[in-house]
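Below you'll find the structure, written out as C-alpha coordinates, and then a few comments.
The values are calculated or read from the model by the stated rules, or taken from the named source; none is laboratory data. Model, not experiment: these values are computed from the prediction. Neighbour counts run over all protein chains shown; Cβ positions are idealised from the backbone, glycine included.
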Amino acid sequence: MSPSGPPDPGEPAAAEPAAAEPGSPQSPVLARRLDPDLAVSASASASAAPTPTLPLPVIDTKRYRWMIGMFGIVFVLIISVYQFATNGVGTTGVAPGKPLHPFAAPLAGSTLNGDANLKPPCSPAHHDPRALNICLMVQRAPLALAFFAIGSDDCKRQVDTMQALSRRYPAGEVQFAAVAVGAGHAETRSLVRSRGWTIPIAYDADGAVQSLYGVQICPMVELAYQGGIVKDRLIGNHWLTSDALAARVRALIGR
(Lines give C-alpha, C1' and ligand atoms only; values in the text may rest on other atoms or scores of the structure.)
Protein backbone atom coordinates (compact mmCIF):
# COMPACT_ATOMS: atom_id res chain seq x y z
CA MET A 1 0.00 0.00 0.00
CA SER A 2 1.25 3.35 -1.03
CA PRO A 3 1.42 6.11 1.48
CA SER A 4 -0.97 8.23 -0.60
CA GLY A 5 -3.49 5.53 -1.26
CA PRO A 6 -6.61 4.81 0.76
CA PRO A 7 -6.23 2.38 3.58
CA ASP A 8 -6.91 -1.20 2.98
CA PRO A 9 -10.20 -2.17 4.65
CA GLY A 10 -8.69 -5.43 5.69
CA GLU A 11 -5.75 -3.90 7.35
CA PRO A 12 -6.14 -2.63 10.93
CA ALA A 13 -6.07 1.08 11.34
CA ALA A 14 -2.99 2.61 12.87
CA ALA A 15 -3.35 3.37 16.55
CA GLU A 16 -3.88 7.05 17.33
CA PRO A 17 -1.58 8.60 19.85
CA ALA A 18 -3.10 8.47 23.33
CA ALA A 19 -4.42 11.78 24.68
CA ALA A 20 -2.56 13.12 27.63
CA GLU A 21 -4.26 12.69 31.00
CA PRO A 22 -5.65 15.99 32.28
CA GLY A 23 -3.60 15.77 35.49
CA SER A 24 -0.38 14.56 33.92
CA PRO A 25 2.66 16.81 33.40
CA GLN A 26 2.27 16.40 29.68
CA SER A 27 -1.29 17.79 29.63
CA PRO A 28 -1.30 20.89 27.38
CA VAL A 29 -4.54 22.06 29.04
CA LEU A 30 -3.00 21.91 32.55
CA ALA A 31 0.17 23.61 31.28
CA ARG A 32 -1.86 26.50 29.94
CA ARG A 33 -3.91 26.89 33.14
CA LEU A 34 -1.15 26.75 35.76
CA ASP A 35 1.13 29.66 36.50
CA PRO A 36 4.59 28.35 35.61
CA ASP A 37 5.95 29.64 38.90
CA LEU A 38 3.41 27.54 40.86
CA ALA A 39 3.56 24.42 38.74
CA VAL A 40 5.32 21.58 40.52
CA SER A 41 5.87 18.03 39.52
CA ALA A 42 3.92 15.21 41.13
CA SER A 43 7.07 13.79 42.64
CA ALA A 44 8.00 17.16 44.19
CA SER A 45 4.49 17.48 45.71
CA ALA A 46 4.66 14.02 47.18
CA SER A 47 8.02 14.70 48.77
CA ALA A 48 7.00 18.09 50.24
CA ALA A 49 7.33 18.30 54.06
CA PRO A 50 4.05 18.31 56.09
CA THR A 51 2.78 21.67 57.32
CA PRO A 52 4.07 22.23 60.86
CA THR A 53 1.39 22.56 63.60
CA LEU A 54 1.60 25.43 66.08
CA PRO A 55 1.53 24.56 69.81
CA LEU A 56 -1.73 25.37 71.65
CA PRO A 57 -1.55 28.24 74.15
CA VAL A 58 -1.25 27.19 77.79
CA ILE A 59 -4.06 28.63 79.99
CA ASP A 60 -3.09 29.56 83.53
CA THR A 61 -6.10 28.15 85.40
CA LYS A 62 -4.69 29.18 88.78
CA ARG A 63 -4.69 32.81 87.68
CA TYR A 64 -8.33 32.66 86.58
CA ARG A 65 -9.40 30.92 89.80
CA TRP A 66 -7.65 33.66 91.76
CA MET A 67 -9.44 36.35 89.74
CA ILE A 68 -12.83 34.69 90.28
CA GLY A 69 -12.16 34.43 94.02
CA MET A 70 -11.22 38.11 94.23
CA PHE A 71 -14.37 39.05 92.31
CA GLY A 72 -16.48 37.11 94.84
CA ILE A 73 -14.83 38.88 97.78
CA VAL A 74 -15.37 42.31 96.22
CA PHE A 75 -19.02 41.44 95.52
CA VAL A 76 -19.62 40.46 99.16
CA LEU A 77 -17.96 43.68 100.36
CA ILE A 78 -20.17 45.77 98.08
CA ILE A 79 -23.32 44.09 99.43
CA SER A 80 -22.15 44.56 103.02
CA VAL A 81 -21.43 48.26 102.48
CA TYR A 82 -24.84 48.71 100.87
CA GLN A 83 -26.62 47.06 103.79
CA PHE A 84 -24.59 49.11 106.28
CA ALA A 85 -25.45 52.35 104.49
CA THR A 86 -29.12 51.37 104.21
CA ASN A 87 -29.80 49.92 107.64
CA GLY A 88 -27.01 51.27 109.84
CA VAL A 89 -25.14 49.19 112.39
CA GLY A 90 -27.34 46.13 112.84
CA THR A 91 -30.99 45.77 111.85
CA THR A 92 -32.36 44.30 115.08
CA GLY A 93 -35.12 46.24 116.82
CA VAL A 94 -35.92 49.93 116.71
CA ALA A 95 -33.02 52.34 117.25
CA PRO A 96 -33.13 55.04 119.94
CA GLY A 97 -34.91 58.18 118.79
CA LYS A 98 -37.26 56.23 116.51
CA PRO A 99 -40.91 55.40 117.30
CA LEU A 100 -42.01 51.88 118.14
CA HIS A 101 -43.82 50.12 115.30
CA PRO A 102 -47.51 49.77 116.15
CA PHE A 103 -49.04 46.31 116.32
CA ALA A 104 -51.70 44.38 118.21
CA ALA A 105 -50.99 40.73 119.05
CA PRO A 106 -53.25 38.22 120.88
CA LEU A 107 -52.56 37.81 124.59
CA ALA A 108 -51.53 34.30 125.60
CA GLY A 109 -53.88 34.28 128.58
CA SER A 110 -56.93 35.28 126.51
CA THR A 111 -59.32 33.34 124.30
CA LEU A 112 -58.22 35.25 121.21
CA ASN A 113 -56.71 33.10 118.48
CA GLY A 114 -55.08 34.44 115.37
CA ASP A 115 -52.19 36.45 113.98
CA ALA A 116 -50.96 39.89 114.90
CA ASN A 117 -52.47 43.01 113.34
CA LEU A 118 -49.75 45.36 112.08
CA LYS A 119 -52.23 48.23 111.52
CA PRO A 120 -54.30 48.17 114.68
CA PRO A 121 -56.84 50.82 115.68
CA CYS A 122 -55.27 53.31 118.04
CA SER A 123 -58.48 54.11 119.85
CA PRO A 124 -59.77 52.45 123.03
CA ALA A 125 -63.25 52.42 121.55
CA HIS A 126 -62.15 50.00 118.80
CA HIS A 127 -59.63 47.99 120.79
CA ASP A 128 -60.04 44.31 121.66
CA PRO A 129 -58.87 43.92 125.29
CA ARG A 130 -57.72 40.39 124.48
CA ALA A 131 -54.82 41.82 122.44
CA LEU A 132 -51.62 43.65 123.35
CA ASN A 133 -51.92 46.97 121.49
CA ILE A 134 -48.64 48.89 121.53
CA CYS A 135 -50.17 52.09 120.20
CA LEU A 136 -52.55 52.29 123.17
CA MET A 137 -49.95 51.24 125.75
CA VAL A 138 -47.48 54.02 124.93
CA GLN A 139 -50.27 56.59 125.21
CA ARG A 140 -50.64 55.77 128.91
CA ALA A 141 -47.05 55.44 130.25
CA PRO A 142 -43.44 54.51 129.37
CA LEU A 143 -43.02 50.93 128.20
CA ALA A 144 -40.43 48.17 128.52
CA LEU A 145 -41.16 45.73 125.70
CA ALA A 146 -39.27 42.43 125.33
CA PHE A 147 -39.14 39.97 122.43
CA PHE A 148 -38.26 36.39 123.24
CA ALA A 149 -38.21 32.85 121.86
CA ILE A 150 -39.84 30.23 124.06
CA GLY A 151 -37.11 27.73 123.22
CA SER A 152 -34.32 29.90 124.70
CA ASP A 153 -33.61 29.78 128.43
CA ASP A 154 -31.89 33.17 128.40
CA CYS A 155 -34.83 34.76 126.63
CA LYS A 156 -37.24 33.36 129.20
CA ARG A 157 -34.98 34.63 132.00
CA GLN A 158 -35.31 38.11 130.51
CA VAL A 159 -39.06 37.95 130.99
CA ASP A 160 -38.50 36.66 134.56
CA THR A 161 -36.41 39.77 135.26
CA MET A 162 -39.08 42.06 133.84
CA GLN A 163 -41.73 40.30 135.88
CA ALA A 164 -39.68 40.88 139.05
CA LEU A 165 -39.10 44.56 138.20
CA SER A 166 -42.78 45.17 137.53
CA ARG A 167 -43.49 44.67 141.24
CA ARG A 168 -41.22 47.60 142.18
CA TYR A 169 -43.25 50.26 140.42
CA PRO A 170 -46.76 51.46 141.08
CA ALA A 171 -49.36 50.98 138.36
CA GLY A 172 -49.17 53.65 135.69
CA GLU A 173 -45.55 54.69 136.32
CA VAL A 174 -44.04 52.23 133.83
CA GLN A 175 -45.40 49.27 131.89
CA PHE A 176 -43.82 45.88 131.13
CA ALA A 177 -44.85 43.54 128.31
CA ALA A 178 -43.35 40.80 126.13
CA VAL A 179 -44.01 39.03 122.84
CA ALA A 180 -43.20 35.38 122.13
CA VAL A 181 -42.06 35.47 118.50
CA GLY A 182 -42.90 32.57 116.21
CA ALA A 183 -44.91 30.81 118.91
CA GLY A 184 -48.47 29.52 119.01
CA HIS A 185 -51.27 30.24 121.45
CA ALA A 186 -51.28 26.98 123.42
CA GLU A 187 -47.52 26.71 123.94
CA THR A 188 -47.19 30.36 124.96
CA ARG A 189 -50.11 30.11 127.39
CA SER A 190 -48.60 26.98 128.93
CA LEU A 191 -45.26 28.75 129.40
CA VAL A 192 -46.91 31.81 130.98
CA ARG A 193 -48.68 29.63 133.52
CA SER A 194 -45.60 27.57 134.36
CA ARG A 195 -43.43 30.68 134.95
CA GLY A 196 -46.09 32.60 136.84
CA TRP A 197 -45.90 35.66 134.60
CA THR A 198 -48.57 38.28 135.16
CA ILE A 199 -47.28 41.03 132.88
CA PRO A 200 -48.97 41.09 129.43
CA ILE A 201 -47.51 38.34 127.25
CA ALA A 202 -48.59 38.17 123.60
CA TYR A 203 -47.77 35.57 120.96
CA ASP A 204 -46.68 36.12 117.36
CA ALA A 205 -47.80 32.95 115.60
CA ASP A 206 -46.85 33.79 112.01
CA GLY A 207 -43.73 35.83 112.82
CA ALA A 208 -45.19 39.12 111.52
CA VAL A 209 -44.11 41.10 114.60
CA GLN A 210 -40.69 39.44 114.55
CA SER A 211 -40.24 40.56 110.94
CA LEU A 212 -41.61 44.04 111.68
CA TYR A 213 -39.04 44.59 114.43
CA GLY A 214 -36.25 42.66 112.73
CA VAL A 215 -35.82 40.44 115.79
CA GLN A 216 -32.65 38.40 115.19
CA ILE A 217 -31.26 38.17 118.72
CA CYS A 218 -32.78 37.67 122.13
CA PRO A 219 -32.84 38.76 124.87
CA MET A 220 -33.90 42.10 123.40
CA VAL A 221 -35.78 44.88 125.21
CA GLU A 222 -37.05 48.17 123.82
CA LEU A 223 -37.46 50.99 126.36
CA ALA A 224 -39.80 53.70 125.07
CA TYR A 225 -40.98 56.98 126.51
CA GLN A 226 -44.66 57.75 126.85
CA GLY A 227 -45.69 58.49 123.31
CA GLY A 228 -43.64 55.64 121.84
CA ILE A 229 -40.19 57.15 121.09
CA VAL A 230 -37.43 54.65 121.91
CA LYS A 231 -34.89 55.68 124.56
CA ASP A 232 -32.82 52.48 124.72
CA ARG A 233 -32.53 49.26 122.76
CA LEU A 234 -31.03 46.60 125.02
CA ILE A 235 -29.60 43.42 123.50
CA GLY A 236 -27.73 40.59 125.16
CA ASN A 237 -27.39 38.73 128.45
CA HIS A 238 -26.05 41.73 130.36
CA TRP A 239 -29.63 42.94 130.84
CA LEU A 240 -30.77 39.68 132.44
CA THR A 241 -29.85 40.96 135.90
CA SER A 242 -32.42 43.04 137.75
CA ASP A 243 -29.88 45.70 138.76
CA ALA A 244 -28.70 46.36 135.20
CA LEU A 245 -32.20 46.56 133.75
CA ALA A 246 -33.54 48.56 136.74
CA ALA A 247 -30.95 51.29 136.16
CA ARG A 248 -32.15 51.79 132.59
CA VAL A 249 -35.80 51.73 133.63
CA ARG A 250 -35.13 54.44 136.26
CA ALA A 251 -33.51 56.59 133.58
CA LEU A 252 -36.54 56.01 131.34
CA ILE A 253 -39.00 57.33 133.92
CA GLY A 254 -36.69 60.07 135.21
CA ARG A 255 -35.97 58.72 138.69
query = How many residues, within the range 106-122, are surrounded by fewer than 20 Cβ atoms within 10 Å (Cβ to Cβ) and over 32 Å from the mean Cα position of the chain (by Cα)?
reply = 7
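Table: residues versus (1) closer than 16 Å to Thr92 by Cα; (2) touching a residue at least 12 places away in the same chain (Cβ under 8 Å); (3) in a strand (DSSP E or B).
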| site | (1), (2), (3) |
| --- | --- |
| Ala183 | no, yes, no |
| Gly227 | no, yes, no |
| Lys231 | yes, yes, yes |
| Asp243 | no, no, no |
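Condition check ((1) at pLDDT 95 or above; (2) not hydroxyl-bearing (Ser, Thr, Tyr)) across all residues:
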site	(1), (2)
Ala177	yes, yes
Leu191	yes, yes
Ser194	yes, no
Ala202	yes, yes
Val209	yes, yes
Met220	no, yes
Leu223	yes, yes
Trp239	no, yes
Arg248	yes, yes
ask   = Before we move on, is Ser211 out of contact with any His (no Cβ under 7 Å at 6 or more places or on another chain), under 26 Å from Ser123 (Cβ atoms), without any contact (Cβ under 8 Å) to a residue 40 or more places away in the chain and assigned to a helix (DSSP H, G or I)?
value = yes
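Scan the range 133-153 and tell me whether some residue there is of a type in the set (Asp, Glu) and under 20 Å from Val209 (Cα atoms). Spell out the reasoning first.
First pass over the range 133-153, keeping only residues of a type in the set (Asp, Glu): 153.
Pick out the ones that are also under 20 Å from Val209 (Cα atoms) and you get none.
Among the residues of the range 133-153, not one is of a type in the set (Asp, Glu) and under 20 Å from Val209 (Cα atoms), which makes the answer no.
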ask   = Of the conditions (1) touching a residue at least 60 places away in the same chain (Cβ under 8 Å); (2) small (Gly, Ala, Ser); (3) outside any helix (DSSP H, G or I), Gly172 fails just one. Which one is it?
value = (1)
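Tell me, yes or no, whether the range 158-167 has at least one residue that is without any contact (Cβ under 8 Å) to a residue 40 or more places away in the chain and of a type in the set (S, T, N, Q). Quick ask: steps written out before the conclusion?
Here is the first cut: in the range 158-167, the residues without any contact (Cβ under 8 Å) to a residue 40 or more places away in the chain are 160, 163, 166-167.
Subset that is of a type in the set (S, T, N, Q): 163, 166.
Yes: the range 158-167 contains one or more residues that are without any contact (Cβ under 8 Å) to a residue 40 or more places away in the chain and of a type in the set (S, T, N, Q).
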inquiry  = Given the condition modelled with pLDDT under 95 and under 22 Å from Pro102 (Cβ atoms), answer yes or no: does some residue in the range 152-168 qualify?
reply    = no
note = Looking across the range 123-145 at residues that are part of a loop (DSSP other than H, G, I, E, B) and not acidic (Asp, Glu), the single one that is surrounded by the most Cβ atoms within 10 Å (Cβ to Cβ) is Pro142
